[in-house]
Structures are given as structure tokens and as C-alpha cells.
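See structure below.
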Amino acid sequence: MPPASPSTARALNDRLALRLLQERGPLSASELKTLTGLARPTVADLVQRLQDTGLIRLVGESATKRRGPNARLYGIAADRAHLAALDMRTDGVRVLVTDLLGTTLAESALPVSPDTPSEAAARGSADLLEQTAKQAGAEPLHTVAVGAPGLIDPATGALRETSGRAWHHQLIALLQQRLPATVRLENETNLAAMAEQRQGAARDRESFVLLWLGDGVGAAVVLDGRLRRGTSGGAGEIGFLPVPGTVGLPSAVSCEGGLHSLLSATAVCALAVEHGFAATAGTGDTPAAQETVRAAVAAGAGGEPFLTALASRVSLGAAAVTAILDPGCVVLGGELGQAGGTVFATLVQEQLAALSPLRTEVRPGELGGAGVLRGALLAAQDAAQQVLFPPVA
């Protein structure tokens with residue numbers, strides 16, 4: 001391989017320095033020299049270059065109070081760009097506005113009831129984002145990342161017409177029309193997996209599958225450190241997986257009859273009621289019902305038989321995934337995965353071991369439902385840095 005051109009080498013060095021400043025916080029030129037292995041003149045050049053572009057600035061001096069260039073501390077100019085992350089669910093939207101380093105500047109949420117007109121839900125959500133950004137002093141936004149339920153076309157980045165609810169599609173269109181920012185869309189389960197991989201339960205794994213257990217069921221596949229979306233963006237749509245224990249089969253337009261029928265919030269709530277848990281919040285697919293389900297899972301619904309029965313259902317989906325992918329690790333994500341904790345993950349692992357000869361570790365997710373918003377923020381940071389950081393030829 002021929003040596004890199006001077007311009008490519010400079011860009012690579014600059015990106016390395018920016019990554020170190022992002023991960024470790026403010027550093028001196030001497031510390032950058034040690035961490036990068038670059039010569040002192042090269043580090044001096046890149047520090048000056050990055051200051052000239054406005055990406056880093058002088059933020060103070062080292063604790064030793066030494067004078068001279070090496071005592072000066074440089075940090076990323078966090079206000080160089082402002083970002084927003086959105087978690088778009090069936091029952092509402094959650095918004096997070098941050099600086100380039102991911103420091104939270106403002107948060108907000110808007111519930112959306114099933115009888116809210118689609119246009120009103122979309123307009124209210126778009127207004128919420130703009131108001132939150134204004135409150136944070138983060139106008140204009142540079143990049144917005146949105147986590148959405150359903151299939152995202154890998155070629156166009158658009159939400160498929162058959163996915164999500166009508167107001168989801170209308171909200172994406174409104175954001176693209178009203179904001180000067182880049183709007184990036186990603187499947188919610190994929191974002192949760194990204195967050196668990198970089199900040200949660202899968203930090204030490206190159207390959208794993210995240211099983212999303214929330215108001216519905218889904219999966220995200222990470223192999224050899226890379227998120228795998230599939231040709232049509234549908235990798236991990238295991239709600240459509242035909243499994244024993246359901247009535248009928250799923251279809252191209254409905255996951256009823258598939259694994260969804262066993263692991264949706266409604267199905268898990270009904271299972272909890274069968275095992276003596278009082279469903280005081282109702283049994284429908286509503287926020288109140290989902291809270292009931294989380295409480296039932298966290299409490300074991302009064303005994304191990306309920307968790308064992310639920311683990312049996314989860315292990316069916318896990319067995320199908322591991323038989324095809326052999327990831328070595330399954331992370332139970334979403335609100336239910338986090339609520340069940342280690343006790344529930346151990347039950348799933350035991351039942352999975354009885355179904356499959358492939359050794360697979362099952363772990364509870366660390367981020368729960370917050371994983372979608374956290375993953376959306378990571379996606380926004382990645383996208384913004386691709387634009388702002390020095391391009392590599």
C-alpha cells in the first residue's frame with residue numbers, strides 16, 4: 001500500500017486528536033504527543049490547524065500550573081454545533097438537545113393519545129423540538145437524529161410507507177421542511193443496540209443481538225462490530241417470526257400470530273394476570289398498561305412461575321436468532337429487559353440452553369427504554385462529526 005499523501009496524513013492525525021479530545025476531555029499538546037505518538041512539531045501544527053477551523057480552543061492550564069505551551073489545555077469547541085435526538089414512539093415523542101460533545105442542554109416530551117389527529121400530533125411534535133432548541137439556546141440545530149418504529153429503507157433513509165403511524169411520516173416531512181438541519185432517521189431498536197454497544201451492556205462484545213422488549217418486540221443485529229440492517233432494512237423484525245403457542249400465522253401486513261403475539265405489552269400483561277398480578281392499569285396497548293407490565297416483570301408478578309413462563313416465550317425468539325447468527329451474546333433491551341434484570345436474563349439463558357446447542361450468554365440491558373434516545377444522540381454526533389471533522393481522502 002502506498003504511503004498516505006500529506007493532506008490525507010494531516011486529516012488522519014487531526015481526526016485522531018479530535019477523537020482523543022472527545023473521549024478524554026481537555027489535553028495538553030504534550031499529552032496529545034504521548035497519546036498519538038506524533039512528533040512535537042506535527043502536534044503543534046495540528047493544534048494550530050484545529051484552532052483555526054474553530055473545532056478546538058484553549059480552555060485552561062494543567063493542574064501542575066507549569067508555564068509554556070505544554071501546560072495549556074485544549075478542548076473541543078462543544079458549541080461548534082448543536083444536536084437533537086428524538087425518540088418517536090406510538091404514544092408520543094421525547095426530545096433531547098445537546099452540544100457537539102453530547103452534553104444535555106434541554107429535554108422535553110409530548111404524549112400523543114390514539115385519538116389525536118395525525119396532523120396535530122406531527123405539528124405538536126415539530127413545535128416541541130423547535131421550542132426545546134430555543135429554550136436551550138441551540139438554534140440553529142446542525143443535525144437531528146430520529147428513532148422510529150418500523151422499516152427504514154437503507155438506500156433512501158426514509159421510513160417505509162407500511163411502517164409506523166401516519167403522524168410519524170408527517171413529522172419527518174415537517175422536520176425536513178422546517179429545519180435547516182440534517183435529519184437522519186434510524187430504526188429505534190438499531191439505535192438502542194448502538195447505545196448498548198458503546199455505552200451499555202455490550203461494551204465488551206463485537207457480536208451480539210439485542211432483543212427489544214417494550215410495547216412490541218424486535219431485534220437488532222451487530223456482527224463483528226457492525227450494525228447489520230439487511231437488504232430492505234428489515235433485519236431483526238422478529239415480531240413476524242412464526243412460533244408455537246400462537247393462533248394462526250403472521251402475514252405480510254400484520255405480525256399478529258408471530259412472536260409479537262407472545263411478547264407485545266398486551267400479551268405480557270395478559271400473562272401476568274394469568275399468574276395473579278393485578279392489572280390495575282388495564283390490559284390494552286397503552287402507556288398505563290406498559291407500566292403495569294414493567295411492574296409485573298420487576299416484581300416477578302408475585303413469583304417465579306410468571307418470569308419462567310415469560311422467559312420461555314423470549315427464549316423462542318432468542319433460539320431462532322442464535323440458530324442463524326450464532327452471536328454468542330443476547331442483550332435483553334427495552335423497558336422489560338431492564339426491568340427483569342439479571343434474574344430474568346438468567347432464566348432466559350437457561351431455557352435457551354435447553355433449546356440450542358450454541359453457547360449463548362444472555363445479559364440484561366443497562367439502558368432500557370432510554371437506549372433509543374441515547375442511540376439517536378450517538379447517531380447525531382457521528383453524522384455531525386462526519387461533516388465538521390477534517391475529511392479523509
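The values are calculated or read from the model by the stated rules, or taken from the named source; none is laboratory data. Please read all numbers here as calculations on a predicted model, not as lab measurements. Methodologically, a virtual Cβ is constructed for each residue, glycine included, from the backbone with ideal geometry; neighbour enumeration extends over all protein chains shown. Protein only, heavy atoms only, side chains kept; ligands, DNA and RNA dropped before computing areas. Shrake-Rupley method; radii C 1.70, N 1.55, O 1.52, S 1.80 Å.
In terms of accessible area, using a 1.4 Å probe and ignoring ligands and nucleic acids, T104, T34, T360 rank largest first as T34, T104, T360.
Ranked from the most accessible area to the least, with a 1.4 Å probe and all protein chains present, what is the order of E139, E31? Walk me through the numbers before you get to the answer.
Numbers: E139 115, E31 80 Å².
Ranked list, largest accessible area first: E139, E31.
Each of A84, V372, V221 was placed along the dipole of the chain (beta-carbon charges, centred on the mean Cα), and the one lying farthest toward the positive end is A84. Measuring nothing but how far apart in sequence close Cα pairs (under 8 Å, 6+ apart) lie, relative to its length, the chain scores a relative contact order of 15 percent.
Which of R374, R123, R94 moves most in a GNM of the chain, Cα contacts under 10 Å? In this elastic network of the chain, the residue with the biggest mean-square fluctuation among R374, R123, R94 is R123. Residues whose amide H lies under 5 Å from that of V93, counting only those 5 or more places away or on a different chain, are L110, V112; hydrogens are built 1.01 Å from N in the peptide plane. Note on the chain: GNM, Cα springs under 10 Å; of Q381, Q349, Q177, the largest mean-square fluctuation is that of Q177. Scattering from the stretch 325-382 was approximated by placing one identical point on each alpha carbon and applying the Debye formula without solvent; log10 I(q)/I(0) at 0.16, 0.24 1/Å stands at -0.56, -0.89.
I need the per residue convex hull volume for the stretch 16-121, using only the alpha carbons, in cubic angstrom as a whole number. Spell out each step's value before the answer.
Numbers: hull volume 12.8 nm³, N = 106.
It is 121 Å³ per residue.
Would you calculate, for the chain, the mean residue ellipticity at 222 nm contributed by helices, counting each DSSP H stretch of 4 or more residues as -39,500 (n - 2.57) and dividing by all residues, to the nearest 500?
-14000 deg cm²/dmol
Obtain the nm distance between the two label points defined at T103 and E304 by a simple spin-label model: each point lies 7 Å from its Cα along the Cα-to-C-beta direction. According to this spin-label approximation, the distance is 4.9 nm. Distance between the pseudo-spin-label points of E130 and R228 (7 Å out from Cα toward the beta carbon): 4.3 nm.
Would you work out the charge dipole size for the stretch 132-221 about its Cα centre, treating the Cβ of every Lys and Arg as +1 and the Cβ of every Asp and Glu as -1, and quote it to the nearest 20 debye?
Roughly 220 debye, rounded to the nearest 20.
D115 contributes about 130 Å² of solvent-accessible surface, heavy atoms of the protein only, 1.4 Å probe. Taking only the Cα atoms of the chain, the radius of gyration and Dmax are 23.3, 76 Å. The alpha-carbon positions of the stretch 98-239 define a convex hull whose volume is 127 Å³ per residue. Note on the chain: with a GNM built from Cα contacts shorter than 10 Å, the maximum mean-square fluctuation among V93, V268, V343 falls on V343.
The residue among A29, V273, S315 whose Cα reaches farthest toward the positive pole of the charge dipole of the chain, with charges on the beta-carbon of Lys, Arg, Asp and Glu, is A29. A straight line joining the Cα centroids of the stretch 307-363 and the stretch 221-283 runs 14 Å.
Using the Cα centre of the chain as the reference point, and only Cβ charges (+1 on K/R, -1 on D/E), how large is the resulting charge dipole? Debye, rounded to the nearest 20.
Here the size comes out at about 1660 debye.
In order along the stretch 221-233, phi translates into HN-Hα couplings of 10, 10, 10, 6, x, 10, 6, 10, 9, x, 4, 9, x Hz, rounded to whole numbers, per the Karplus curve 6.51 cos²θ - 1.76 cosθ + 1.60 with θ = phi - 60° and x for Gly and Pro. Coupling constants for the stretch 367-373 follow from the phi torsions by the Karplus curve (6.51 cos²θ - 1.76 cosθ + 1.60, θ = phi - 60°), and in residue order they are 9, x, x, 5, x, 5, 5 Hz; glycine and proline get x.
Report the rotationally averaged projected area of the stretch 35-180 based on its alpha-carbon convex hull, in square nanometres. Don't skip to the end; give the middle numbers.
Working: hull surface 48.3 nm².
Its Cα hull, projected and averaged over all orientations, spans 12.1 nm².
Computed on the stretch 74-144, the Cα convex hull volume stands at 71 Å³ per residue.
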